[in-house]
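Below: one structure, written as structure tokens.
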Amino acid sequence: MDVQPRGLDAEYVSDGESLGRVRRPLPLAKALHDVLLAYEMNGEPLPYDHGYPVRVLVPSWVGIASIKWVGDIEVSAQPLFSPWNTTFYRLFGPAHPEGGGAPLTRQTVKSAFELASGATFRAGESRVLHGRSWSGAGAVARVDVSTDGGTSWRPARLHDGPRPGSWTRWSVTWKPRTPGATHLLARATDTAGRTQPDVAVPNTQGYLFDAVVRHPVTVV
Ligand SMILES: Nc1nc2c(c(=O)[nH]1)N[C@H]1C(S)=C(S)[C@@H](COP(=O)(O)O)O[C@H]1N2
Ligand SMILES: [Mo]
């Protein structure tokens, strides 16, 4: 059995053709397991951009599952289909099954620094770098950081206990020595044993990017 929430935003037009309002089915088992209909965030009504007055929240799954501005929810004993689980949000390309992979569900492992791209650091000054990592397959178990473009790595200090379905905050201290351009990298590993690769396996629509990102910074 499937349930299919549908948004109240404008019909989605692709190549001049309307595909109707944004909607995407999910299995009833997932819906009953941990899915929320959210109407507040931090005790305040949902912001308009994030789905006011009510949105679906599907923990661990790709963003498209979390339909915003919910207008109606279809429940069906038969499998449901929409462009968002047939044409979009499946993996196509040479590395994937002929005709496309299964509809996307869980997110991959990802990391990001809480830092502007191209941020500036002073040589000889100690700074604390903050970041976050998250995974759709379990809690974040460890994060390793490189401040020299990927040559050497050290473990970050995790600020949150293992908690699946949410990000883990982390930090490392860095005292850059040599002026010049460099890259910061962060690589997370989750409790399911998944680690961010150096390079993501491509797919035609660019979904599920999980590679370690090279964050450019300058030391002056
Ligand atoms: N109704 C509706 N819901 C939607 C979308 C949309 O276009 N319309 N986009 C989806 C996608 S692709 C993502 S990544 C998330 C983004 O949610 P956020 O704006 O709260 O980050 O909303 C999802 N829900
Ligand atoms: Mo998205």
* Structure fact -> Among residues of the range 189-206 being within 30 Å of Glu125 (Cα to Cα) and in contact with a Lys or Arg (Cβ under 7 Å, 6 or more places away or on another chain), the residue least open to solvent (accessible area, probe 1.4 Å) is Gln196
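Taking the stated definitions as given, is Leu46 within 19 Å of Tyr89 (Cα to Cα), within 22 Å of the chain's Cα centre (by Cα) and within 14 Å of ligand 1 (Cβ to nearest atom)?
Values: within 19 Å of Tyr89 (Cα to Cα): no; within 22 Å of the chain's Cα centre (by Cα): yes; within 14 Å of ligand 1 (Cβ to nearest atom): yes.
So Leu46 does not fit the description; no.
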* Tell me which of these Arg106 doesn't satisfy, since it passes every other one: (1) open to solvent by 30 Å² or more (accessible area, probe 1.4 Å); (2) over 30 Å from Thr147 (Cα atoms); (3) of a type outside the set (Phe, Trp, Tyr). => (2)
* Structure fact -> Looking across the range 54-78 at residues that are within 14 Å of ligand 1 (Cβ to nearest atom) and out of contact with any strand residue (DSSP E or B) (no Cβ under 7 Å at 6 or more places or on another chain), the single one that is least open to solvent (accessible area, probe 1.4 Å) is Val62
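Of all strands (runs of 3 or more DSSP E) completely enclosed by the range 149-220, which ones contain at least 2 residues that are among the small types (Gly, Ala, Ser)? Lay out the reasoning, then the answer.
Numbers: elements: 168-174, 180-190, 215-219.
Strands (runs of 3 or more DSSP E) meeting the threshold: 180-190.
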* Asked: assigned by TED's automatic domain parsing to the domain that holds Pro202, surrounded by 14 or more Cβ atoms within 10 Å (Cβ to Cβ), over 26 Å from Gln205 (Cβ atoms) and out of contact with any strand residue (DSSP E or B) (no Cβ under 6 Å at 6 or more places or on another chain): does that describe Leu115?
  -> yes
* Write out, first by first residue and then by second, each pair whose Cβ atoms fall under 7 Å of each other, whose residues are 6+ apart or on separate chains, and whose first residue, in the range 79-98, is open to solvent by 50 Å² or more (accessible area, probe 1.4 Å) while the second is assigned to a helix (DSSP H, G or I). => Tyr89/Ile64
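The values are calculated or read from the model by the stated rules, or taken from the named source; none is laboratory data. Just so it is clear, the structure is predicted and the values come from calculations on it, not from any experiment. Because the Cβ atoms are built from the backbone with ideal geometry, glycine has one as well, and the counts that use them run over all protein chains shown. Quick note on the areas: whole protein, heavy atoms, side chains included, nothing else; ligands and nucleic acids left out. Shrake-Rupley method; radii C 1.70, N 1.55, O 1.52, S 1.80 Å.
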